[in-house]
Amino acid sequence: MANHKSAEKRSRQSKVRRLRNRMNKSAMKTVIRRVEEALAAGSEEDAKAALQVAIPIIQKTASKGTIHRNTASRKVSRLTKRVQAMQPLV
């Protein structure tokens, strides 16, 4: 347990930040799971719609510092690539 006033404040701050990060990361994982479920179902329209919802949430999670920006880019890129693979080439 913290013994100094500044250490007690640090403890409170880290608890709030941990909960905030967990909330953001959980929301991100949920939208990614929805995209993957649409891909598994083979529904191209649902996958596109879910991806359009997922991209801003993934980017917002990175902008808050919960995940690294390169990690966010990688996740968006891989999801986009999988959704695009569902479309027949014209």
For the chain, longest principal axis from Cα atoms; helix 44-63 axis from its Cα atoms; angle between them, nearest 10 degrees, is 30
Semi-axes of the equivalent ellipsoid of the chain: what are they in whole Å, largest first, if each equals the square root of 5 times a C-alpha gyration tensor eigenvalue? 37, 12, 8
Do any trypsin sites (Lys or Arg not before Pro) in segment 49-90 lie in a loop, going by DSSP, with at most 15 other beta-carbon atoms within 10 Å of their beta carbon, and if so which? K64
Percent RCO, i.e. relative contact order, over the chain, from Cα pairs under 8 Å lying at least 6 residues apart: 25
Contour excess over end-to-end distance, with Cα ends at R12 and E45 and 0.36 nm allotted per residue: 7.4 nm
So how do T66, T80, T30 line up by other beta-carbon neighbours within 10 Å, fewest first? T30, T80, T66
Taking the simple approach of a point 7 Å from Cα along Cα-to-Cβ for both V53 and K5, what is their distance in nm? 4.8
Using alpha-carbon coordinates, inclination of helix 69-86 to the longest axis of the chain, degrees: 20
As I understand it, the value is the acute angle between the Cα axis of helix 5-41 and the longest principal axis of the Cα atoms of the chain; what does it come to in degrees, rounded to 10? 10
Given A7, L19, Q59, which one lies farthest toward the positive end of the charge dipole of the chain, if we put +1 on the Cβ of every Lys and Arg and -1 on the Cβ of every Asp and Glu? A7
Please state the charge dipole magnitude for the chain, taken about the Cα centre, from unit charges on C-beta atoms (+1 on K and R, -1 on D and E), reported in debye and rounded to the nearest 20. 920
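Every number here is computed from the coordinates shown, using simple stated rules; none is lab data. Nothing here was measured: the structure is a model prediction, and the numbers come from that model. Note: ideal-geometry Cβ built from the backbone for every residue, glycine included; neighbour counts use all protein chains shown.
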